[in-house]
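> I have a structure here, written as structure tokens, and I will follow up with some questions on it.
The values are calculated or read from the model by the stated rules, or taken from the named source; none is laboratory data. The model shown is predicted, which means the values in this text are computed figures rather than measured ones. Cβ placement follows ideal geometry from the backbone for every residue including glycine, while neighbour counts extend to all protein chains displayed. Please note that ligands, DNA and RNA were not included when accessible areas were found on the heavy atoms of the full protein model with its side chains. Shrake-Rupley method; radii C 1.70, N 1.55, O 1.52, S 1.80 Å.
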Amino acid sequence: MANFTHRLAPHLHSMADVTFVHPGKSAKDISDFGADFATCTISSLSTQMMNQADLCIYQIGNNAAFHSEIFALAQRHPGLVVLHDRAMQDFVFNHQPSGLMGGGFAADTYRQAMGQWYGQSGLDAADMVMRRKIFPADIASLFPLFEAVLDKALGVICHNREVTEEIYRRFPKLLALTLPLPFAAPAERPARPPITDDTPIRIVMFGFMGGNRRATEFLDAWALSEYRDRFHLHLSGQMSDRARFDARAAELHLSGQITYHGFLSEAALNELIRSAHMALNLRYPTMGEASGSQLRIWANGCPSAVSASGWYAGLPDRCLRKIHIQTEHDDLLLLLRDLATHRINGDEMARYGFAQMSEHDPLRYTRNLLAWIARKGSEMTAQWTDCALMESVARSYAGALPIDFDVAIPPHLLRS
């Protein structure tokens, strides 16, 4: 999300009076952001500064370590939320109120949030999580908990149209806009290396690779491929269970065909992708997000294979190879076969993918965002005020009622 903001920063700076607010934990990161932009720390923000702004925009994703302070501030001073993930289970479960900022969730209120938004089934699922029978990610698809994050928002920006439509169903009065996730592409598509019979076929996987990135499942398919010796896997980023992955690779006698690059600079990562013959961008279960990784792959002119779920399922088939969840193992075997036997037109796939990048231009994103805010800003505030007033009145009445008060709907209102 820092990279997301950095892509938009020059355009926002040129079109609006904007201050970029940060936690203040890394002076180097802020200096790298750019000396030309106005910045300040969350702790230095005053109520007066926030009230003087026309709008506060909050970037929130499913990681409490990075976004708890931002969310706590959004609870105290509502604004426009850019929701980067549909599934906010891990965030809500791990979020703790942050000192003076106040607001938010603690471990003992996670269950309350699940009950508020999903009723008895939510409570039952929360109890399972709190007893460590399951993990929050296991129920994130059915109980995403984005509701808890958006409850006090003035409006919301999404990068996945399906998520926007789901939000409308849950919050009919909340103003929402879908914008394609921004990512700058070079003027011309980078050249891709040819696949030859005397050199390994380079496959790349990168990013924060949890279990949903299907790396171990790929190993299992790779090991059974009759073309297994033709491939070399390049990994960059962080793997959540590296020891398990390494053990499985050793068991399958694939360790010698895997290279770990660790965290790379943006330039080095781009070069790694450009040198690959195929990028694997598998995700299941998906958290509902649009994929910055996929945009990076397209921008670097590399063919790719994705899991056919969530945002990825709606992408044009000609832009990538889709791996279906129900037939994942067989689909991966076919992918390897088709790569080894030259049945995939990688240039054509890369060309169509690169053409998709025109929809994700950061300048276009910024213009559409600011135009929407100009049109809907006053309506956002009015809608929020109406909802807050109704909630305040409801709480007042609820507090005056007996605990055992039973609400009954008159029979004549139930007749069709």
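> Between Arg244 and Ala2, how many nm apart are label points set 7 Å from Cα along the C-beta direction?
Spacing of the two 7 Å Cα→Cβ label points: 2.8 nm.
> Using a 1.4 angstrom probe on the protein heavy atoms only, could you order Asp361, Asp338 from most to least accessible area? Mind dumping the intermediate values first?
Details: Asp361 65, Asp338 15 Å².
Per-residue accessible area, sorted high to low, gives Asp361, Asp338.
> Moving to a separate point now. Could you state the angle between the C-alpha long axis of helix 362-400 and the longest principal axis of the C-alpha atoms of the chain, as a value from 0 to 90 degrees rounded to the nearest 10?
40 degrees
> While we're here: Between Glu251 and Ala400, what is the spin-label point distance in nm, taking each point 7 Å from the Cα along the Cα→C-beta axis?
6.5 nm
> Using a 1.4 angstrom probe on heavy atoms only, work out the carbon and sulfur share of the accessible area of the chain in %.
Exposed carbon and sulfur together represent 54 percent of the surface.
> OK, next. Using a Gaussian network model of the chain whose springs link C-alpha atoms within less than 10 Å, name the residue from Glu271, Glu359, Glu391 with the highest mean-square fluctuation.
Comparing Glu271, Glu359, Glu391 in the GNM, the peak value goes to Glu391.
> Tell me which trypsin sites (Lys or Arg not before Pro) from region 122-194 have a DSSP coil assignment and no more than 12 other beta carbons within 10 Å of their own.
Qualifying residues, ordered by number: Arg131, Arg132, Lys133, Lys173.
> Let me ask something additional. For the chain, modelled as a GNM with alpha-carbon contacts under 10 angstrom, which of Met287, Met239, Met49 fluctuates the most?
Met49
> Among Ser121, Ser240, Ser396, whose mean-square fluctuation peaks in a Gaussian network model of the chain (Cα, cutoff 10 Å)?
Its mean-square fluctuation being the largest, the pick is Ser396.
> Report the local net charge at Val204: Lys and Arg +1, Asp and Glu -1, summed over other residues whose C-beta lies under 13 Å from its C-beta.
Residues near Val204 contribute +4 overall.
> Follow-up. Loop-only trypsin sites (Lys or Arg not before Pro) in region 321-397, please: DSSP not H, G, I, E or B, and at most 11 other Cβ atoms within 10 Å. If you can, show how the numbers build up before the last one.
Working: sites: Arg321, Lys322, Arg337, Arg343, Arg351, Arg364, Arg367, Arg375, Lys376, Arg395; in loops: Arg343.
Within region 321-397, the qualifying trypsin sites (Lys or Arg not before Pro) (loop, at most 11 other Cβ atoms within 10 Å) are Arg343.
> How much mean residue ellipticity at 222 nm does the chain get from its helices, if each DSSP H run of length 4 or more adds -39500 (n - 2.57) and you divide by all residues, to the nearest 500 deg cm²/dmol? Spell out each step's value before the answer.
On the way: 17 runs with 193 residues, N = 416.
Result for the chain, helices only: -14000 deg cm²/dmol.
> Using alpha carbons only, how many degrees (0 to 90, rounded to 10) separate the axis of helix 64-76 from the longest principal axis of the chain?
Once rounded, the angle reads 30 degrees.
> Please compute, over every Cα-Cα pair in region 42-87, the percentage with a separation greater than 11 angstrom. Walk me through the numbers before you get to the answer.
Values: 707 of 1035 pairs.
So the pairs more than 11 Å apart make up 68 percent of the total in region 42-87.
> Hey, another quick one. Quick query: amide H of Phe231 versus all other amide H atoms, modeled in the peptide plane; which residues come in under 5 Å with a sequence gap of 5 or more or a different chain?
Hits under the 5 Å cutoff: Ile201.
> To continue, here is another question. Calculated FRET efficiency, Asp17 and Leu177, Cβ-Cβ r, R0 22 Å, to nearest 0.05?
0.55
> Mind checking the log10 I(q)/I(0) for region 350-395 at q = 0.15, 0.28, 0.33 Å⁻¹? Debye, one equal scatterer per Cα, no solvent, two decimals.
Results for region 350-395 at q = 0.15, 0.28, 0.33 Å⁻¹ read -0.60, -0.92, -1.02.
> For region 243-275, which chymotrypsin sites (Phe, Trp or Tyr not before Pro) are in a loop by DSSP, counting at most 14 other Cβ atoms within 10 Å?
Phe263
> If you count only protein heavy atoms with a 1.4 Å probe, what accessible area per residue comes out for region 246-397, rounded to a whole Å²? Don't skip to the end; give the middle numbers.
Values: 7110 Å² over 152 residues.
It amounts to 47 Å² per residue over region 246-397.
> Throw me the Rg/Rh for the chain, computed over C-alpha atoms with Kirkwood Rh, two decimals.
On the Cα set of the chain, Rg over Rh gives 1.00.
> State the Kirkwood hydrodynamic radius of region 151-218 in Å, one decimal place, computed from all pairs of distinct Cα atoms.
16.8 Å
> Can you give the FRET efficiency for Val393 and Ala38, using 1/(1 + (r/R0)^6), R0 = 41 Å, r = Cβ-Cβ distance, to the nearest 0.05?
Rounded to the nearest 0.05, the efficiency is 0.55.
> Specify the angular offset, from 0 to 90 degrees and rounded to the nearest 10, of the alpha carbon long axis of helix 107-130 from the longest principal axis of the alpha carbons in the chain.
Result, in degrees: 80.
> Calculated FRET efficiency, Asp317 and Gln48, Cβ-Cβ r, R0 60 Å, to nearest 0.05?
Using R0 = 60 Å, I get an efficiency of 0.65.
> Also, I was wondering about something else. Based on the alpha-carbon gyration tensor of region 149-275, what equivalent-ellipsoid semi-axes (square roots of 5 times the eigenvalues) come out, in whole Å, largest first?
On the way: eigenvalues 279, 85, 37 Å².
Equivalent-ellipsoid dimensions as semi-axes: 37, 21, 14 Å.
> Now for a separate question. Could you report region 83-219's accessible area per residue, 1.4 Å probe, as an integer in Å²?
In whole numbers, region 83-219 has 46 Å² accessible per residue.
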